[in-house]
Amino acid sequence: MSLDDPIARSPSRHFRTLAGCWIVYGVIRLIMAVCLFIYSGTATLMFGALLNRVPDPFTMMTDFHVIYAVVIGLSAVCGIVAIMAGLAVLAGNRSGRMMAIIASFLSLSDIPLGTTLGIYTLLVSLPIGATQLHSRSE
């Protein structure tokens, strides 16, 4: 990261707003992880009700539990990384840009809020300017 990077120097109003959005998004993802965990019994019951005509329902139920646990874990990790990225950008740390890029990649699967925030952050954080883009094509 160069010294003329706006995130490394001091966060402008634009980056403070972006950091606030990441913190709010992280809190939402953590709430979602807690809700997924609390209502796992209901989700299991609802999925199990669909398996009455399947030849091997126990294997599918095991797969459901594994996928459901992965979704809970991914939601928790995305929430924690998003809050850390927001706080790092807000504080003006040098690691803020990298944390925001990692949070962006992790949030791309969460439609519509995570996808929108992730794509915008990637566009703002990746340092490919118009002059670099045109010099590569020549």
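Quick note: the coordinates plus some simple rules give every number you see, no bench work behind them. Model, not experiment: these values are computed from the prediction. No Cβ is skipped: glycine too gets one built from the backbone with ideal geometry, and neighbour counts run over all protein chains shown.
Points to keep in mind about this one:
- Counting 0.36 nm for each residue step from residue 14 to residue 101 and taking away their Cα separation leaves a gain of 29.7 nm.
- With semi-axes defined as the square roots of five times the eigenvalues of the C-alpha gyration tensor, the equivalent ellipsoid of segment 12-126 measures 35, 12, 10 Å, largest first.
- Here the spin labels are modelled as points 7 Å beyond Cα on the Cα-Cβ line, and at residue 53 and residue 116 they lie 3.9 nm apart.
- Taking the number of Cβ atoms within 10 Å of each Cβ as an exposure proxy, the fewest-first ranking of 58, 37 is 58, 37.
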